[in-house]
1. Would you mind finding the one in 465, 445 that is in contact with a helix residue (DSSP H, G or I) (Cβ under 6 Å, 6 or more places away or on another chain) and at pLDDT 85 or above?
2. Do we have any residue at all in the stretch 90-101 that's assigned to a helix (DSSP H, G or I), surrounded by fewer than 22 Cβ atoms within 10 Å (Cβ to Cβ) and assigned by TED's automatic domain parsing to the domain that holds residue 190?
3. Within the stretch 437-455, restricting attention to residues that are crowded, with 20+ Cβ neighbours inside 10 Å, hydrophobic (A, V, I, L, M, F, W, C) and without any contact (Cβ under 8 Å) to a residue 60 or more places away in the chain, which residue is farthest from residue 382 (Cα to Cα)?
4. Please count how many residues of the stretch 225-255 are within 27 Å of residue 143 (Cα to Cα) and at pLDDT below 85.
5. Would a scan of the stretch 39-62 turn up a residue that is modelled with pLDDT of 85 or more, of a type outside the set (A, V, I, L, M, F, W, C), closer than 19 Å to residue 240 by Cα and not in a helix (DSSP H, G or I)?
6. Only one of these conditions is not met by residue 362: (1) in a helix (DSSP H, G or I); (2) modelled with pLDDT of 80 or more; (3) surrounded by 17 or more Cβ atoms within 10 Å (Cβ to Cβ). Which number is it?
7. If you check every pair at least six apart or on different chains, which have Cβ atoms under 7 Å apart with a residue in the stretch 26-51 that is farther than 13 Å from residue 166 by Cα first and a residue that is among the β-branched types (Val, Ile, Thr) second?
Amino acid sequence: MSTLTEILEVNWIILYFVYGLVFFTTGLVTGLLWRRQSNLELARPLPWLAAFGIAHGLNEWGYIFIPLQALYLDDIVVRLMIITHLLLLAASFFFLFQFGVELLLPLLPRLRWLRVLPGTMLLLWAVAVFVRGAITQESLNLLVAIGDSWSRYFLALPGALLSSFGLYRQAQHMRLMELDRIAAYLTGAAIAFLLYALVGGLIVPATPIFPANLLNYDLLDRTIQIPAPVFRSICGLAMAFFITRSLEVFQVETDRRIAQMERERILTVDRERIGRELHDGIVQNIYAAGLGLEEAHHLVAEDPPEAQQQIQCVMNALNSTIQDIRRYIFDLQVAEQNRALETILENLVRDFRVETLLDVRLEVRGKRCCWLDSERVTHVTQIAREALSNVVQHSAATRVTVTLSYLGHATQLTVADNGKGMSPNHANDGRGQGQGIANMRSRALLLGGDLGLESEPGRGVCLQLTFPCGNSEHLEHAPTEVQEAWD
């Protein structure tokens, strides 16, 4: 019966292709998702990680490319290719080392000289390999194996360890930003780099130098009969997964910037509207009342009855102005309360987008028509949360749209996806959906509304919650109620 080592030796091309593909994909995705304008500490070192992934992936593919080219190329060309291959390996580890240093520099602002450490180690490695080759006259294959080992000791090992520590520190920073899921991914990446320091930095080709003569690929083959590239491939897969998911933090940062810009825009519009309405309405009324009092002051001595009548008119005008102020304050409270619901839904959609990588979007339509108290806001939010959870668990969708519509007499929440859908019978009675649909229907009843489900196999699910403004504070009748509260 063949051992795993023998099977992998027969299929070594597949092994090195997958190994190289993992790192190349990691580097490519990192480069594509990198945001130059980001304010996050993690953003600055990422180009070095992208360079490491791409260079190391190309290096691993070299183990396939060079033997195939050696079948028909001249020996001198093959020797140049082997030397270039070794230089590419060292360069990839240099990029990894630089990535780890750049991650830690914010912790050590006074040690800026560390930035030149990877370049210095790369230069020492090149000098050491050249001197040994010139002095010992060893074969090219042995010299390349020694150069491979030294590049892992001098560059890969410290680079992977520093990267692991730096990523763990970034995970703690994300927890302070209340991004626990991103922090978990960064922690996973830190562990993957730590393991890579062992299998990619300590375990090296067997060569007559210490400790490569003891801890090497042959030792793994003799003890556990699994080649070292297998372990490095597993670490590479873990690194690719966790790094890719961690980079979703840039989308979170973008969403927060957009939300901040929207809040600033709303505040600017509100300031302009408040200033305009105060000037055109309330201020003008108070100014007119002042003129009326001034006229009454002149009439007190000449015509007291006329002065009293003028004062009464001013009092009526001031009472009307007070009503306008009360109505205006209530309108501001209504807008703020309804904006709270929109903000909650916006945060909910953003969190689901980051956690599930689905294309989840929020749309707000119509003009606010009623004020929702905190209990009703909670019911609406929980229905939206349950609907999104069902999409993730059951629909296999890639796009979800959450729509909050103000209809004038009612408020409507719609959650529609492009998933696999369900039969109309199941959509109507909620069978096969667990307790979630029943809970949402119960909340809809508490809101005084109804919950509808529309679906067909292959056409997704559309959940629609509609509830009237009857149990809320409707804008048209609000001033009277506020008047009673103030009185």
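1. It is 465.
2. First pass over the stretch 90-101, keeping only residues assigned to a helix (DSSP H, G or I): 90-101.
Keeping just the survivors that are surrounded by fewer than 22 Cβ atoms within 10 Å (Cβ to Cβ) gives 91.
Applying the additional criterion that residues be assigned by TED's automatic domain parsing to the domain that holds residue 190 yields 91.
Yes, that holds for at least one residue.
3. Per the criteria, the residue is 453.
4. Residues that pass the stated criteria total 9.
5. yes
6. Residue 362 satisfies every listed condition except (1).
7. These pairs meet every condition: 26/243; 27/54; 28/54; 29/244; 30/243; 40/249; 50/30.
Okay, residues lined up against (1) at pLDDT 90 or above; (2) closer than 25 Å to residue 117 by Cβ:
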position: 133; (1), (2): no, yes
position: 139; (1), (2): no, no
position: 146; (1), (2): yes, yes
position: 156; (1), (2): yes, yes
position: 159; (1), (2): yes, yes
position: 167; (1), (2): yes, yes
position: 178; (1), (2): no, no
position: 186; (1), (2): yes, yes
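The values are calculated or read from the model by the stated rules, or taken from the named source; none is laboratory data. Note that the structure is predicted; figures quoted are calculated from it, not measured. Methodologically, a virtual Cβ is constructed for each residue, glycine included, from the backbone with ideal geometry; neighbour enumeration extends over all protein chains shown.
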